[in-house]
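Shown next, in structure tokens, is the structure this report addresses.
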Amino acid sequence: MPRLEGHARHRVRFTVNGHMAEAHVEPRALLSDVLRQQLALTGTHVGCEHGVCGACTIQIDGVPARSCLTLAVQADGADIRTVEGLAPQSGQLSVLQDAFRRHHALQCGFCTAGILMSLDRFLKDNADPSEEELRDYLGGHLCRCTGYVPIVAAALDAAKRLREGATHA
Amino acid sequence: MKPARFDYLRAGSLAEAHEVLAAEGNDARIVAGGQTLMPMLSMRLARPKVLVDIMHLPELRKITDDAQAIRVGAAVRQAELLASPQLAETQPLLAAALPWVGHAQTRSRGTVCGSAAHADPSAEIPLSLIALGGTIELASRRKKRSIKAEDFFTGMMSTARAPEELIEAVIFPKAQRGYGYAFKEFGRRHGDFAIVACAAIASDTGTRLAIGGVADRPMARDFGPLDGSALDDALDEFAFDLDARDDLHATARYRRELVRRLGRATMEEARRCRV
């Protein structure tokens, strides 16, 4: 890759939720902004823009990461998954999303997309997490509505249903 | 909060990265995981002309070890070091300290060497390097050099790295038989910056205690085989020598008290963990 000039736009390509996506961006463009503004994937929310709040968390190459702390040019060639990619099909929720709905694990919903993307991965690596492990993991996200109790309950419930073999809501 | 404009170069070779650093010095910044640099760019605390991305250089993505030490390349992510096999045996201090670095969602991207480069006074990786007597490997177009951690960290977010130098790796000595290792940290919430972080290494001749979050860089002191009030006095002296300051998060007095109490608890745990 040649040196990309700061004042020009450059083509970047990556997969988003299994589909090839392309955008033309300045090197300084944040991945969070490119997802929302150029690819119209507004499910990813932007809160603090310095990595603290966790609202913009997506999965990059399978692991949760802050899209506001990643440049779109850094993500060139990466495999990206956003909250839009969680539901198995239109009108049907994933096991985790459904547990969030049943447990009222969201109120305003601003933090929810990031938390879902984190927990989606966490529950794949930790099929039977303790409440303490979950709370430690959720430390990377701020929620100002729920007090976290219903989020933890939803995650524990989703983990149980996934262990029982559920594949969707 | 958006970064100012900069050029971006995905380095295709180490030589290419060295060339840019040699040509542009302080106007160039290395980006690896970006977990500390990106906020500084967004807040415009850093305004480089060019970012050099080193994450696609396979020679920097390696964790290697020999009988004495673990060498972590510049593109190794914190989560990768934490997940490396038998870390709890090869270096229990690292295994205990790394889960305190940021959050799982930032350790997935942030690099070990990036944290050393940033040199935040409360960061766990610089503290571990100081406690263990680690080494930083620097390289420029012209030469390579290794520097001891105690000479590398020179102050608040400042290091002995020259503008044309790239951190290629950091080296952590492995655990030795007869030694015990412990780490404790106090922050407002897990994942926040440490108000005080403590790392201790115990041997039959005494205990070394390193403190982060108080002075302008992590500082270590070796204590002889002290106990009881003699140890209290020695810790009190250390706490005052760290020259704590009041800030938004805690008073200097509170930090000194944490050094005395959490420091002592960490030393005691390291002694108990001796193998």
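Before moving on, here are some points about what is shown:
Yes/no per residue for (1) part of a helix (DSSP H, G or I); (2) modelled with pLDDT under 95; (3) within 19 Å of A:Ser67 (Cα to Cα):
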{"site": "B:Met1", "(1), (2), (3)": "no, yes, yes"}
{"site": "B:Ala4", "(1), (2), (3)": "no, no, yes"}
{"site": "B:Glu16", "(1), (2), (3)": "yes, no, no"}
{"site": "B:Val20", "(1), (2), (3)": "yes, no, no"}
{"site": "B:Arg29", "(1), (2), (3)": "no, no, no"}
{"site": "B:Gln35", "(1), (2), (3)": "no, no, yes"}
{"site": "B:Pro48", "(1), (2), (3)": "no, no, no"}
{"site": "B:Glu59", "(1), (2), (3)": "yes, no, no"}
{"site": "B:Leu81", "(1), (2), (3)": "yes, no, no"}
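- Residues in segment B:97-121 that are more than 14 Å from chain A (Cβ to nearest Cβ) and not in a loop (DSSP other than H, G, I, E, B): 5 in all.
- Among residues of segment B:193-217, those that are closer than 17 Å to B:Asp247 by Cβ, in a loop (DSSP other than H, G, I, E, B) and of a type outside the set (Gly, Ala, Ser), counted: 5
- Taken over segment B:1-29, the criterion of being more than 7 Å from every other protein chain (Cβ to nearest Cβ), in contact with a helix residue (DSSP H, G or I) (Cβ under 7 Å, 6 or more places away or on another chain) and of a type in the set (A, V, I, L, M, F, W, C) is satisfied by B:Ala11, B:Leu14, B:Ala28.
- Set side by side, the residues A:Met117, A:Met1 differ, and just one is facing another protein chain (nearest Cβ under 10 Å), in contact with a His (Cβ under 9 Å, 6 or more places away or on another chain) and among the hydrophobic types (A, V, I, L, M, F, W, C), which is A:Met1.
- In the set (1) of a type outside the set (S, T, N, Q); (2) farther than 28 Å from A:Asp157 by Cα; (3) surrounded by 24 or more Cβ atoms within 10 Å (Cβ to Cβ); (4) touching a helix residue (DSSP H, G or I) at 6+ places or on another chain (Cβ under 9 Å), A:Arg28 fails one condition alone, (3).
- Index of the failed condition, B:Gly33 passing every other in (1) more than 9 Å from chain A (Cβ to nearest Cβ); (2) in contact with a helix residue (DSSP H, G or I) (Cβ under 7 Å, 6 or more places away or on another chain): (1)
The values are calculated or read from the model by the stated rules, or taken from the named source; none is laboratory data. Here the structure is a predicted model, which is why all the values come from computation and not from measurement. Backbone-built Cβ (ideal geometry, glycine too); neighbour counts: all protein chains shown.
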